[in-house]
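Asker: Encoded as structure tokens, here's the structure I'll be asking about.
Derivation of every value follows stated rules applied to the coordinates shown; laboratory data play no part. Quick caveat, the model's predicted, so the values are computed rather than measured. FYI the Cβ positions are ideal-geometry reconstructions off the backbone, even for glycines, and counts take in every protein chain you see.
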């Protein structure tokens with residue numbers, strides 16, 4: 001297994017991050033999770049644009065250009081020898097001291113991992129997954145900006161712990177006003193009378209690349225798709241519900257807090273979108 005580490009491909013055992021790296025000490029950095037299919041990276045440039053936007057917000061500068069990061073990602077995929085897989089591209093502020101001052105980290109670090117990933121069991125993709133509503137809320141953007149895909153995922157992990165303890169596949173996360181933001185690592189969509197709806201990003205969700213792809217698919221297929229502020233009522237009364245993410249892809253959600261959503265199985269609109277998505281990623 002080869003890992004791209006600070007400018008070159010190395011064996012897995014050689015890819016070592018310093019204990020003084022601020023990504024380790026403070027979660028000071030950002031990342032991207034990316035899929036590739038038949039050896040081709042899905043929407044690579046969109047992912048790297050989002051990565052560079054996260055770095056800009058965090059004031060992290062890489063010694064590699066946008067084009068070089070894209071090339072490094074493709075190089076790592078090629079070195080893996082895999083046809084389909086998952087890419088984890090991580091940027092940290094780099095090695096510093098035990099203080100918080102980012103100026104004491106003279107050089108940012110980047111590594112790229114290519115591996116398989118199975119976010120949910122196969123049977124959940126066939127039957128749909130159950131959700132609970134987490135007691136943990138997504139923070140306001142003035143606390144932690146949701147558009148920054150940072151290395152600090154404790155908010156989502158805390159919600160995931162609740163979901164696992166409840167025997168659910170995922171946790172719905174509300175914002176400070178009680179409106180739906182997203183799930184722990186996925187965007188959420190509902191279907192109401194044939195119209196696909198998803199919360200606007202101002203409600204606290206990440207601008208997901210797969211979310212964008214699904215909205216493009218809806219436009220292509222002539223399915224109405226709108227951004228709409230929603231709460232638990234909207235989800236519980238929806239005809240269908242599904243989640244999207246680079247790791248999750250597209251998966252139906254069939255219950256919330258023990259209450260059935262729609263018919264309790266993946267609905268026709270969800271299946272239609274999923275079928276087109278599975279075609280799109282291999283075009």
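Asker: Have a look at the DSSP beta bridges in region 122-280 and tell me what percent are antiparallel, nearest 5.
Answerer: Of all bridge pairs located within region 122-280, approximately 65 percent are antiparallel.
Asker: Could you tell me whether region 1-65 comes out rounded, prolate or oblate from its Cα gyration tensor? Rule is a ≥ b ≥ c as square roots of the eigenvalues, rounded for a/c under 1.5, then prolate if a/b exceeds b/c, otherwise oblate.
Answerer: Taking the square roots of the gyration eigenvalues as a ≥ b ≥ c, region 1-65 is oblate.
Asker: Any idea how far the Cα center of region 9-68 sits from the one of region 241-283, in Å?
Answerer: Comparing the Cα centres of region 9-68 and region 241-283, I get a distance of 28 Å.
Asker: Right, something else. Distance between the C-alpha centers of region 93-135 and region 171-199? Whole Å please.
Answerer: Each part reduced to its Cα centre gives a spacing of 21 Å.
Asker: Restricting the count to DSSP beta bridges whose residues both fall in the chain, what percent are antiparallel, rounded to a multiple of 5?
Answerer: 80 percent
Asker: For n ≥ 4 DSSP H runs only, could you compute -39500 (n - 2.57) per run for the chain, divide by its residues and tell me the 222 nm figure to the nearest 500?
Answerer: Per the formula, -9000 deg cm²/dmol.
Asker: Further, regarding this structure: Is the chain rounded, prolate or oblate when judged by the Cα gyration tensor, a ≥ b ≥ c being the square roots of its eigenvalues, rounded requiring a/c under 1.5 and prolate requiring a/b larger than b/c? Before the final figure, lay out each step's value.
Answerer: On the way: a/c = 1.98, a/b = 1.48, b/c = 1.34.
Note, shape of the chain comes out prolate.
Asker: Give the calculated FRET efficiency between residue 135 and residue 97 to the nearest 0.05, with a Förster radius of 41 Å applied to their Cβ-Cβ distance.
Answerer: Details: r = 36 Å, r/R0 = 0.89.
In this case the efficiency is close to 0.65.
Asker: Please give the length that would be gained between residue 38 and residue 231 if that part of the chain were fully extended, namely 0.36 nm times their separation in residues minus their C-alpha to C-alpha distance (nm, one decimal).
Answerer: Working it through step by step, the gained length comes to 65.6 nm.
Asker: Given a Förster distance of 22 Å, report the FRET efficiency between residue 283 and residue 123 from their Cβ-Cβ distance, rounded to the nearest 0.05.
Answerer: Values: r = 28 Å, r/R0 = 1.27.
FRET efficiency, residue 283 to residue 123: 0.20.
Asker: Let me ask another. In a GNM of the chain with a 10 Å cut-off on Cα contacts, which of 20, 52, 242 has the highest mean-square fluctuation?
Answerer: Highest fluctuation among the options: 20.
Asker: When a/c reaches 1.5 or more, the comparison of a/b and b/c decides; with that in mind, is region 54-120 rounded, prolate or oblate per its Cα gyration tensor?
Answerer: Judged from the Cα gyration tensor, region 54-120 comes out prolate (a/c at least 1.5, a/b above b/c).
Asker: Relative contact order, percent, of the chain when contacts are C-alpha pairs under 8 Å separated by at least 6 residues?
Answerer: That works out to 17 percent.
Asker: Any idea what the relative contact order of region 122-280 is, in percent, if you count C-alpha pairs under 8 Å spaced at least 6 apart?
Answerer: In percent, rounded to a whole number, it is 25.
Asker: If the elastic network links every pair of Cα atoms under 10 Å, which of 215, 59, 173 fluctuates the most in the Gaussian network model of the chain?
Answerer: Looking only at 215, 59, 173, the largest GNM fluctuation is found for 59.
Asker: What share of the DSSP beta bridges in region 45-179 is antiparallel, in percent to the nearest 5?
Answerer: 70 percent
Asker: Next question, about the same structure. Which of 58, 89, 243 moves the most in a Gaussian network model of the chain with Cα springs under 10 Å?
Answerer: 58
Asker: Go ahead and run the numbers for FRET between residue 45 and residue 221, Cβ-Cβ distance against an R0 of 25 Å, rounding to 0.05.
Answerer: 0.60
Asker: Arranged from highest to lowest average of other beta-carbon atoms within 10 Å per residue, in what order do the peptides 100-106, 155-161 appear?
Answerer: 155-161, 100-106
Asker: Suppose a student asked you for the relative contact order of region 2-115, using Cα pairs under 8 Å spaced at least 6 residues apart; what percent would you report?
Answerer: With pairs under 8 Å counted, the relative contact order is 37 percent.
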